[in-house]
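Following: one structure in structure tokens, then a few remarks.
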Amino acid sequence: AGTSLSECKEYLFKILVIGEIGVGKTSLIKRYVHQCFSENYRATIGVDFSLKVINWDSTTLVRLQLWDIAGQERFGNMTRVYYKEAVGALVVFDLTRACTFQAVSKWKQDLDCKVKLPDGRPIPTVLLANKCDQKTNDGSDLSLMDSFCEEAGFLGWFRTSAKENVNVEEAGHFLVEKILENT
Ligand code: GTP
Ligand code: MG
């Protein structure tokens, strides 16, 4: 009997990608959307946009509008404007720089006080431990990540590498799943 048009669902989701300067936000988006990577660092100024279209299943089309927010914006006063009407977020840190992990809670708090779902809950947020190609798993601190995520209100976390394409697709899929639960 095939699928009638009326059964097809289309969604447009605004997703924020935030975290400290140089952690790899732009690189993760480039990997996720265009399947490419560059070693060259060019700081994002303000915000950049990308669109990722996902054929989620035979009746569901998902469009992700990815808002790539410059790390330096945490010290600005534009985040409230950028966060408006977002329905999901990725908070990124750099496994090779501990200070970028320490800033994760600040980004999460900034997020939670400036944007909420229509029903008042925080927007689904996933933590990305990026540049895992540079550091082998030492186990110890990473075992604390699950409890950190629970306390800080992250739905989950992934070790990612934009460079070697580790867990980028998986993290995106996980976030979209959580967002779809709210529709
Ligand atoms: P801002 O725009 O300043 O906030 O930085 P950003 O978070 O967008 O960082 P960007 O993606 O520009 O990456 C910064 C540097 O890290 C670049 O030189 C990238 O090539 C490098 N980089 C990003 N992701 C990875 C990764 O997974 N592994 C490695 N080894 N390097 C990475
Ligand atoms: Mg950038």
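The values are calculated or read from the model by the stated rules, or taken from the named source; none is laboratory data. The model shown is predicted, which means the values in this text are computed figures rather than measured ones. Cβ atoms come from the backbone with ideal geometry, glycine included; neighbour counts cover every protein chain shown.
Only a single criterion out of (1) surrounded by 18 or more Cβ atoms within 10 Å (Cβ to Cβ); (2) at positive phi; (3) free of Cβ contacts under 8 Å to residues at least 60 places away in the same chain is not satisfied by Ser161, namely (2). Under the condition of being of a type in the set (A, V, I, L, M) and touching a helix residue (DSSP H, G or I) at 6+ places or on another chain (Cβ under 8 Å), which residue from the stretch 24-68 is nearest to ligand 1 (Cβ to nearest atom)? Out of the qualifying residues, it is Ala43. Scanning the stretch 41-77 for residues that are away from ligand 2 (no atom under 16 Å from the Cβ), polar (S, T, N, Q) and within 18 Å of the chain's Cα centre (by Cα) gives a single hit, Gln65. Checking each residue in the stretch 33-44 for being closer than 14 Å to Asp68 by Cβ and either in contact with a Ser or Thr (Cβ under 7 Å, 6 or more places away or on another chain) or modelled with pLDDT under 95 (or both) picks out Val33, Thr44. Would you pick out the residues in the stretch 54-72 that are part of a strand (DSSP E or B) and surrounded by 10 or more Cβ atoms within 10 Å (Cβ to Cβ)? Result: Ile54, Trp56, Thr60, Leu61, Val62, Arg63, Leu64, Gln65, Leu66, Trp67, Asp68, Ile69.
Per this entry, Val17 is not counted among residues that are under 13 Å from the mean Cα position of the chain (by Cα), assigned to a loop (DSSP other than H, G, I, E, B), at pLDDT 95 or above and within 10 Å of ligand 2 (Cβ to nearest atom). Applying a threshold of 7 Å to beta carbon distances and a minimum spacing of six or more residues, or different chains, the list of pairs starting in the stretch 98-126 at a residue that is free of Cβ contacts under 8 Å to residues at least 24 places away in the same chain and among the charged types (D, E, K, R) and ending at one that is surrounded by fewer than 21 Cβ atoms within 10 Å (Cβ to Cβ) and part of a loop (DSSP other than H, G, I, E, B) reads Lys116/Pro122.
Within the stretch 69-84, the set of residues being over 24 Å from Pro118 (Cβ atoms) and touching a helix residue (DSSP H, G or I) at 6+ places or on another chain (Cβ under 9 Å) comprises Ala70, Gly71, Glu73, Arg74.
Counting just the residues of the stretch 122-141 that are within 16 Å of ligand 1 (Cβ to nearest atom) and at pLDDT below 90, which one comes out nearest to Trp67 (Cα to Cα)? This residue is Lys135.
When Leu95, Leu144 are checked against the criterion of being among the aliphatic types (A, V, I, L, M), out of contact with any helix residue (DSSP H, G or I) (no Cβ under 7 Å at 6 or more places or on another chain) and free of Cβ contacts under 8 Å to residues at least 24 places away in the same chain, Leu144 stands alone in meeting it.
Regarding the stretch 129-149, can at least one residue be identified that is under 17 Å from the mean Cα position of the chain (by Cα), among the β-branched types (Val, Ile, Thr) and within 24 Å of Ser27 (Cβ to Cβ)? No - not one qualifying residue is present in the stretch 129-149. Cβ-Cβ distances below 7 Å connect the following pairs, each with a first residue in the stretch 5-29 that is more than 25 Å from Asn167 (Cβ to Cβ) and in contact (Cβ under 8 Å) with a residue 40 or more places away in the chain, a second residue that is of a type in the set (Val, Ile, Thr) and part of a strand (DSSP E or B), and a separation of six or more residues or different chains: Lys9/Thr60. Taken as a whole, the condition of being polar (S, T, N, Q) and at pLDDT below 95 applies to Thr3.
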